[in-house]
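The values are calculated or read from the model by the stated rules, or taken from the named source; none is laboratory data. Being a predicted model, the structure only gives us computed values, none of them experimental. Backbone-built Cβ (ideal geometry, glycine too); neighbour counts: all protein chains shown.
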Amino acid sequence: MTGKTPRLTCTKVTGSFLSKQTRICAIAPDWNFADQIKSGQLTILNIAIAEESGERDFYVNLSDDHWSSLDPEWGKRKGKFETIKVRTERFDTIISRFGIPHYLKIDIEGGDLTVLHQLQGCPQKPQLISVEEHSLEYFPLLWGLGYRGFKIVNQGIVQYAEYPGWKFKPGTSGPFGDEAPGLWLPFGDAITDYMLNIRDCRDRELFTINWFDIHATQDSSKLPDDFPYPVKRSSKSTLRRGLSWIKRKALNRD
């Protein structure tokens, strides 16, 4: 299940999930998807997630449709946009209708916290979850939801990853779960690494290139005793670290 804005979601993100022969429910508030979905494997809900069910203005960003949003501050970026009316629903309502997914991908411009807060009321939680990082607040929220292992994935490296049956394109979210780059980190290591390299205690951005997703699992994470403590890295070293992980994975498959 995913929450993502128009068009590119289907071609760049959902395609890799479909290649795994999984059943997917995606949420995309844009009528352009209406004629694109022909297989029962993929269900598109032509709605937007909000605090309440109803109808809202949706700001379609004409410069980059990834920025389209219910939030005008997000959707109006660069000044080129159009406004359409979309139906809204609460996320917990969607869960009650379709059930808990194994993996939940959240990438809603300006609306990620809405999903995390509404997930608190669901008796069960997805085994795996990922959310585009925008705030230190995500970590205690994810911990409170029962997640115990974390990865902070540099989205600039997924295009270099090669997985059986799929090649990720620039701008895609990449793999999830154990296939996502990096080791699962305990809460303390993850939040320390985040505050050293992604955002500080006041949510000030520390990185200069790419963007990051936070992946989380309900499984507990334990690192080897000799695993190094988190340290401050340059943006280039972070990129090199991720590429090195991808190379090791490729060699192990061979």
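What the table shows:
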{"quantity": "Members of segment 149-181 found to be of a type in the set (D, E, K, R) and touching a helix residue (DSSP H, G or I) at 6+ places or on another chain (Cβ under 7 Å), listed by number", "calculated": "GLU162, LYS169"}
{"quantity": "Selected residue (criterion: farthest from SER130 (Cα to Cα)) from residues of segment 64-118 that are β-branched (Val, Ile, Thr) and in a helix (DSSP H, G or I)", "calculated": "THR93"}
{"quantity": "Among (1) in a helix (DSSP H, G or I); (2) modelled with pLDDT of 90 or more - the single one GLN159 does not satisfy", "calculated": "(2)"}
{"quantity": "Pairs with Cβ under 7 Å, 6+ apart, first in segment 155-170 and more than 18 Å from ILE209 (Cβ to Cβ), second among the small types (Gly, Ala, Ser) and assigned to a loop (DSSP other than H, G, I, E, B)", "calculated": "GLY165/SER19; TRP166/SER19"}
{"quantity": "Checklist (1) without any contact (Cβ under 8 Å) to a residue 60 or more places away in the chain; (2) within 18 Å of the chain's Cα centre (by Cα) applied to LYS78, failing item", "calculated": "(2)"}
{"quantity": "Candidates LEU128, LEU116, LEU145, filtered to the one that is touching a helix residue (DSSP H, G or I) at 6+ places or on another chain (Cβ under 8 Å), closer than 26 Å to LEU70 by Cβ, buried (at least 21 other Cβ atoms within 10 Å of the Cβ) and not hydroxyl-bearing (Ser, Thr, Tyr)", "calculated": "LEU128"}
{"quantity": "Residue count for segment 181-238, restricted to those that are in a loop (DSSP other than H, G, I, E, B) and in contact with a Ser or Thr (Cβ under 6 Å, 6 or more places away or on another chain)", "calculated": "7"}
{"quantity": "Among (1) closer than 25 Å to ASN197 by Cβ; (2) crowded, with 21+ Cβ neighbours inside 10 Å - the single one SER69 does not satisfy", "calculated": "(1)"}
{"quantity": "Those residues of segment 53-63 which are in a loop (DSSP other than H, G, I, E, B) and among the small types (Gly, Ala, Ser), in sequence order", "calculated": "SER53, SER63"}
{"quantity": "Residue in segment 126-135 that is within 20 Å of GLY110 (Cα to Cα) and in a helix (DSSP H, G or I) present", "calculated": "no"}
